[in-house]
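Below is one structure, written out as structure tokens; the observations come after it.
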Amino acid sequence: QVRLVESGGGLVQAGESLRLSCKTSGVNFRIITLRWYRQATGKQRELVAQITSAGTASYSDSVKGRFNVSRNYAWNTMYLQMNGLQPDDTAVYYCQMPRDTGDIWGQGTQVTVSS
């Protein structure tokens, strides 16, 4: 059974940093693409970053230059380093594995940025 478990969220002040983790299990980590999404209250879920099996990263315009996605093949874990956080970054952050037979989602981790 494929599982994705996020951690690392919390409450920070504007300008500070957080690192989120997404631990995977039940899947061959080396061959999968993984994504970070976020959903703020009352808004649609938004794709934030993606990293391919080869480690190629891409970002939404709203986080480009501030966030960095990476993956550790030894720990089967994806990370999202978030720098220069702003109140607009407040959301529940989810990791996702796209799959033809149905995408897999984690349970989410709350990030709150105070001004």
Check your understanding: What residue, of GLY15, GLY10, GLY26, is over 17 Å from GLN86 (Cα atoms) and either free of Cβ contacts under 8 Å to residues at least 12 places away in the same chain or over 11 Å from the mean Cα position of the chain (by Cα) (or both)?
Key -> GLY26
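Yes/no per residue for (1) over 18 Å from SER114 (Cα atoms); (2) modelled with pLDDT of 95 or more:
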{"residue": "GLN1", "(1), (2)": "yes, no"}
{"residue": "VAL12", "(1), (2)": "no, yes"}
{"residue": "GLU16", "(1), (2)": "no, yes"}
{"residue": "LEU34", "(1), (2)": "yes, yes"}
{"residue": "GLU46", "(1), (2)": "yes, yes"}
{"residue": "ILE51", "(1), (2)": "yes, yes"}
{"residue": "LEU80", "(1), (2)": "yes, yes"}
{"residue": "TYR93", "(1), (2)": "no, yes"}
Point to revise | Filtered residues of region 62-78 (kept if closer than 12 Å to ILE51 by Cβ, of a type outside the set (Val, Ile, Thr) and in contact with a strand residue (DSSP E or B) (Cβ under 6 Å, 6 or more places away or on another chain)) | key: PHE67, ASN68, SER70, ARG71, MET78
Practice item. Output the residues belonging to region 105-115 that are open to solvent by less than 30 Å² (accessible area, probe 1.4 Å) and either part of a strand (DSSP E or B) or on the phi > 0 side of the Ramachandran plot (or both). Key: GLY108, THR109, VAL111, VAL113
Practice item. Considering each of GLN39, GLN81, GLN50 in turn, give the residue that is without any contact (Cβ under 8 Å) to a residue 40 or more places away in the chain and either under 15 Å from TRP105 (Cβ atoms) or touching a strand residue (DSSP E or B) at 6+ places or on another chain (Cβ under 8 Å) (or both). Key: GLN50
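The values are calculated or read from the model by the stated rules, or taken from the named source; none is laboratory data. Owing to the predicted nature of the structure, the values given are computational and were not obtained by experimental measurement. A quick note on method: Cβ atoms are made from the backbone with ideal geometry, for glycine too, and the neighbour counts reach across all protein chains shown. Please note that ligands, DNA and RNA were not included when accessible areas were found on the heavy atoms of the full protein model with its side chains. Shrake-Rupley method; radii C 1.70, N 1.55, O 1.52, S 1.80 Å.
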